[in-house]
Amino acid sequence: MLTGLDIYSPVEQIHDPLFEEKKVEVFIKRDDMIHPFISGNKWRKLKYILAHASSEKKKHLVTFGGAFSNHLIATACAAAKFGFKSTGIVRGEEVQNDVLMICKLFGMSLLFIDRSSYRDKHDLFNTHFSNDPEAIFIDEGGAGELGVKGCSELVTELNEKYDHLFCAAGTGTTAAGIIKGVQKNFVSAKVHVIPVLKSGTFLEKEIQKYTDRSFEFHPEYHFGGYAKSTPELISFVKYFCRSTGILIEPIYTGKMFWALYDLLRKDKFPAGSKILAIHTGGLTGILGMSSRMA
Ligand SMILES: *Cc1c(COP(=O)(O)O)cnc(C)c1O
């Protein structure tokens with residue numbers, strides 16, 4: 001069994017003239033405080049994946065991501081912390097950057113794979129690791145049933161009642177976990193999912209594979225696609241950071257909070273509403289945006 005999995009993720013209230021004007025209370029679930037590198041939802045997603053790897057006597061975590069992937073850093077750090085080897089299969093031509101540098105510091109081996117071969121991850125795993133009986137496949141982003149299970153636990157940590165929960169979505173695993181948690185714990189909150197990539201209805205369907213509970217899907221806040229941004233989004237992220245003292249980034253949490261503020265401005269929530277936004281962490285992702293943040 002793995003030990004050392006207890007986490008600290010408090011809820012705190014944040015303030016803004018907009019919240020006062022609309023007479024709502026906004027809180028933030030600080031999953032970014034779980035760990036600086038095994039951050040936020042990545043910790044929750046890895047929890048049962050690592051337990052499974054350990055029970056299967058696997059000692060080598062093999063996973064996938066882009067060159068600025070929060071999941072790669074999280075897996076590299078978790079591998080080091082819990083005594084696994086790790087390999088990160090990185091999409092695209094060989095590059096060096098701060099995120100990959102941190103992955104290597106945590107002992108991760110990196111394998112750069114061109115974009116077309118990268119599409120078939122199981123095939124890549126079989127090609128490179130079929131002769132390593134200790135290797136275990138972990139999907140990009142920690143996606144899948146075990147990740148959903150880990151994320152659903154967030155809901156059991158809530159001591160207050162909220163009317164609305166907000167969560168950013170990449171693969172949708174975290175959102176599916178939150179929705180499942182809400183369903184299982186008979187929580188009445190409505191869950192709002194903000195996809196950060198241009199997904200159409202694909203992501204909505206992905207989430208529906210895990211749960212039949214309804215949720216609010218807001219596909220209009222992707223800002224042109226994954227890791228795309230606008231000067232307005234960057235200004236908003238800066239405003240949020242300096243007015244709350246809580247760091248967010250433009251890839252995930254910036255888009256989620258933008259959506260929350262926008263829906264508030266459009267009077268989507270009645271006075272008296274209590275809203276909880278989930279800070280899914282992943283602040284190292286900002287290292288890939290530094291020129292745009294300047
Ligand atoms: C990876 C990540 C997400 C996306 O989570 P999914 O479970 O893939 O939807 C959201 N927020 C942050 C900060 C992340 O790093």
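The values are calculated or read from the model by the stated rules, or taken from the named source; none is laboratory data. These numbers come from a predicted model, not from an experiment. Ideal geometry is used to build each Cβ from the backbone, glycine not excepted, and the neighbour counts take in all protein chains shown. The area values use the complete protein model at the heavy-atom level, side chains included, leaving out ligands, DNA and RNA. Shrake-Rupley method; radii C 1.70, N 1.55, O 1.52, S 1.80 Å.
Odds and ends about this structure:
- The stretch 41-142 - charge dipole about Cα centre, Lys and Arg +1 at Cβ, Asp and Glu -1, debye rounded to 20: 500
- Solvent-accessible area of residue 180 with every protein chain in place, 1.4 Å probe, in Å² to the nearest 10: 70
- The calculated FRET efficiency for residue 185 paired with residue 127, based on their beta-carbon distance and R0 = 45 Å, is about 0.60.
- Accessible heavy-atom area order of 58, 161, highest first, probe of 1.4 Å: 161, 58
- Sites listed here are chymotrypsin sites (Phe, Trp or Tyr not before Pro) in the stretch 144-194 whose DSSP assignment is loop and whose Cβ has at most 16 other Cβ atoms within 10 Å: 186.
- In terms of distances greater than 23 angstrom between alpha carbons, the cross-link table entries 58/180; 45/81; 149/209; 149/228; 42/149; 45/255 yield 58/180; 149/228.
- Evaluated at q = 0.12, 0.17, 0.18 Å⁻¹: base-10 log I(q)/I(0), Debye formula over Cα of the stretch 122-237: -0.53, -0.88, -0.94
- Rolling a 1.4 Å probe across all protein chains gives residue 292 an accessible area of roughly 110 Å².
- Basic side chains Lys and Arg get +1 at the Cβ, acidic Asp and Glu get -1 at the Cβ, and with that the dipole of the stretch 231-294 about its Cα centre reaches some 80 debye.
- Extended-chain gain in nm, criterion 0.36 nm per residue less alpha-carbon gap, residue 97 and residue 241: 49.4 nm
- Cβ-based charge dipole, the stretch 41-142, positive-most Cα from 80, 107, 69: 80
- The base-10 log of I(q)/I(0) for the stretch 204-294, evaluated at q = 0.12 Å⁻¹, reads -0.43 [Debye formula, identical scatterers on Cα atoms, solvent excluded].
- In a simple Cβ point-charge model (Lys, Arg +1; Asp, Glu -1; nothing else charged), the chain has a dipole of about 160 debye relative to its Cα centre.
- Longest site-free stretch - the chain; sites: GluC sites (Glu not before Pro), DSSP loop, at most 12 other Cβ within 10 Å: 221-294
- Equivalent ellipsoid dimensions for the stretch 41-142 as semi-axes, Å, which come from the Cα gyration tensor, largest first: 19, 16, 12
- Sorted from greatest to least, the principal axis extents spanned by the alpha carbons of the chain come out as 61, 42, 34 Å.
- Selection from 270, 144, 218 lying farthest towards where the dipole of the chain points positive, charges on Cβ: 144
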